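Read-outs: derived from the displayed coordinates by stated rules, not from any lab. All of these numbers come straight from a predicted model, not from anything done at the bench. Ideal geometry is used to build each Cβ from the backbone, glycine not excepted, and the neighbour counts take in all protein chains shown.
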Amino acid sequence: MKRNWLSGPAHDSSRSLDIVRVAVALILITHPVYALLHPANVRGFGHILESHHIPFGVGLAWAVMLIQAGCSLALVARRLVVPACIGHIFILGMGIWLVHAPRWRTVGLEDGDHHPGAEFSTLLIACLLGILCAYWHREGDGPSLPEREDLPARRGLEVIRLAAAIILMIHPIGALREGLRDPAGLNDLGHYFSSIGFPLGVPLVWGAMFLQIASSLALIARRLVVPACLGHFLVLGTGIWLFHAPHWFVIGPDNVVGPGEEGVEYSVLLIACFFSVLLAYWPRSGSVNTFQTQEHIG
């Protein structure tokens, strides 16, 4: 079913879920495309697999790249969405098991060796599970029955709303916990903000931490969803502008230059998630938001 994303109605949960579907596919396909252009990286990945006693590591690494590319193209084309999601989830899960665990952070690394953790892959898996949930239940409905598609799409979008809010909230909670124990780190970041022209840099940094926590709690509670998404946009957009651009990757090739200087792909995914939620919850003129009047989805 063809969908007009620019002039379609607000509160269209299927459209919101499709934004996440396309964003996830485009973000994930950058990895195999880069690998195909830089085959030495694929061989390096193969050697990592062999170091974990996995046979035919280089051949398997090439197979992983091709499967990721195929799954991403299927998601963009909205064909074979269920097997495409399952394929991506399997590869991402293996990556967490073999490479990223038990580290958690992907951005703002603190472990000394700047090795990216599992949070980005976890958010990708949550987005794919939301998409999978929606498209799994659409089997047999057909595109001529959009009303039967709406409930699965709402459920999938709610999975994404909760996952994005919870995963992002871990960052400011951790920063505030460390800041209360030793405020030097956050204060130094605040002084940096002041040095580049921001007023009241230290209070601004502490305020940003509280804003992210409040915005995530609002999203989890499904209250003030639109302002909460806008709050996250403000912090994430500022982070891209000041720290992460022009780098792209946070996991994989050329991914880490230093703490706070990782690429933008994780922030771009979060912005796509919150933008899709914002569209679904945007106040309906002259009426009550349908999300707010529905019974809680089980």
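Residues Trp241, Trp62, arranged from fewest to most other Cβ atoms within 10 angstrom of their Cβ, appear as Trp241, Trp62. Prolate is the label for the range 191-244, because the ratio a/c of its alpha-carbon gyration tensor axes (a ≥ b ≥ c) is 1.5 or higher and a/b is greater than b/c.
Fully extending the segment from Ala245 to Leu217, taken as 0.36 nm per residue of separation minus the present Cα-Cα distance, adds 7.3 nm. Which of the three applies to the range 38-125, rounded, prolate or oblate, going by the alpha-carbon gyration tensor with a ≥ b ≥ c and a/c under 1.5 meaning rounded? Taking the square roots of the gyration eigenvalues as a ≥ b ≥ c, the range 38-125 is oblate.
Taking the fewest neighbouring Cβ atoms within 10 Å as the starting point, the ordered list for Glu178, Glu158, Glu262 is Glu178, Glu158, Glu262. The simple spin-label model puts a point 7 Å past each Cα toward its Cβ; for Leu224 and Ile196 those points are separated by 2.7 nm. Each of Trp97, Trp104 was scored by other Cβ atoms within 10 Å of its Cβ. Arranged with the fewest first, they read Trp97, Trp104.
With a ≥ b ≥ c the root eigenvalues of the C-alpha gyration tensor of the range 149-203, is it rounded (a/c under 1.5), prolate (a/b larger than b/c) or oblate? Oblate, because a/c is 1.5 or more while a/b does not exceed b/c. Please list, in order along the range 166-173, the HN-Hα scalar couplings obtained from phi with the Karplus expression 6.51 cos²θ - 1.76 cosθ + 1.60 (θ = phi - 60°), rounded to whole Hz, x for Gly and Pro. Once θ is set to phi - 60°, the couplings for the range 166-173 become 5, 5, 5, 5, 4, 4, x, 4 Hz.
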